[in-house]
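Got a structure here, written out as structure tokens. Questions coming.
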Amino acid sequence: MKKKYQGCARAKRLQLQALRSEFETLRMKSGESIADYFSRVMTIVNKMRIHGDRTEEITVIEKILRSLTAKFNFVVCAIEESKDIDDLSLDELQSSLVVHEHKFKQEDTDEQALKASTDTRSNNFQGSGRGRGRGRGRGKGRSTNFRANNDQFQGRGRVGAPDKSKAAK
């Protein structure tokens, strides 16, 4: 019985060391949601506790704050400055981070909508109106007096406006 227990205890200790190593190297993946990351962290922490580890909540909170992606850096600073980390619960931390995550997603959606609307406008704008530089005429290699070459072209100016060049003569 004693040998069996020692073998079991040794196996638990080895498994606990592997779980601790996994916990220490754990980082939030790019594009991963806060809920998914908390789930991964708590799965490992719960397995560690099953194997006899006494990891405190503050340790888990500090680990999460250290291992978030870079886009949460200013959020982490704000949380550390505004709240006492020793009194903060995991649920409060998760709630706070989820709120910020929703704001990030909303900003991304707004930026994409704005970009899509400006892209649509620029695609619809295909050179109508006046522009700068070369190519302001109707075609390459044509003379500037379009009426002399072809009556269908109006040239520059308003449609239906009297031709001042003929009136001055």
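The values are calculated or read from the model by the stated rules, or taken from the named source; none is laboratory data. Worth saying up front: this structure is predicted, and the values here are computed from it rather than measured. Virtual Cβ from ideal backbone geometry, glycine too; neighbours counted across all protein chains shown. Heads up: the accessible areas ignore ligands, DNA and RNA and are worked out on the full protein's heavy atoms, side chains in. Shrake-Rupley method; radii C 1.70, N 1.55, O 1.52, S 1.80 Å.
Step through the residues of region 97-107 one at a time and calculate ³J(HN,Hα) from phi using the Karplus curve (6.51 cos²θ - 1.76 cosθ + 1.60, θ = phi - 60°), rounding each to whole Hz and writing x for Gly and Pro.
Calculated HN-Hα couplings, in order: 5, 5, 4, 5, 4, 4, 5, 4, 5, 5, 5 Hz.
Using the structure shown, list the pairs from K47/K71; K71/K103; K63/K105; K47/K105 with a Cα-Cα distance above 21 Å, or answer none. Mind dumping the intermediate values first?
Numbers: K47/K71 29 Å; K71/K103 12 Å; K63/K105 24 Å; K47/K105 32 Å.
K47/K71; K63/K105; K47/K105, as the Cα separations exceed 21 Å there.
Okay, next question. Within the accessible area of region 20-105, what % is carbon and sulfur when the probe is 1.4 Å and the other protein chains stay in place? Walk me through the numbers before you get to the answer.
Working: 2470 of 5080 Å².
With neighbouring chains kept in place, the figure for region 20-105 is 49 percent.
In region 41-105, what GluC sites (Glu not before Pro) fall in a loop by DSSP, with at most 15 other Cβ atoms inside 10 Å?
Working: sites: E56, E57, E62, E80, E81, E92, E101; in loops: E56.
Sparse-neighbourhood loop GluC sites (Glu not before Pro): E56.
Okay, next question. Using a Förster distance of 45 Å, how high is the FRET efficiency between K71 and K12, based on the Cβ-Cβ distance and rounded to 0.05? Don't jump to the answer; show the numbers that get you there.
On the way: r = 38 Å, r/R0 = 0.85.
Using R0 = 45 Å, I get an efficiency of 0.75.
At 1.4 Å probe size, with every protein chain present, just tell me what the per residue accessible area of region 7-81 comes to in Å². Before the final figure, lay out the partial values.
Working: 4570 Å² over 75 residues.
Averaged over the residues of region 7-81, the accessible area is 61 Å².
At 7 Å along the Cα-to-beta-carbon direction for both E111 and E57, put a label point, then send me their distance in nm to one decimal.
3.5
Could you let me know the centre-to-centre spacing of region 17-51 and region 102-118, using Cα atoms, in angstrom?
31
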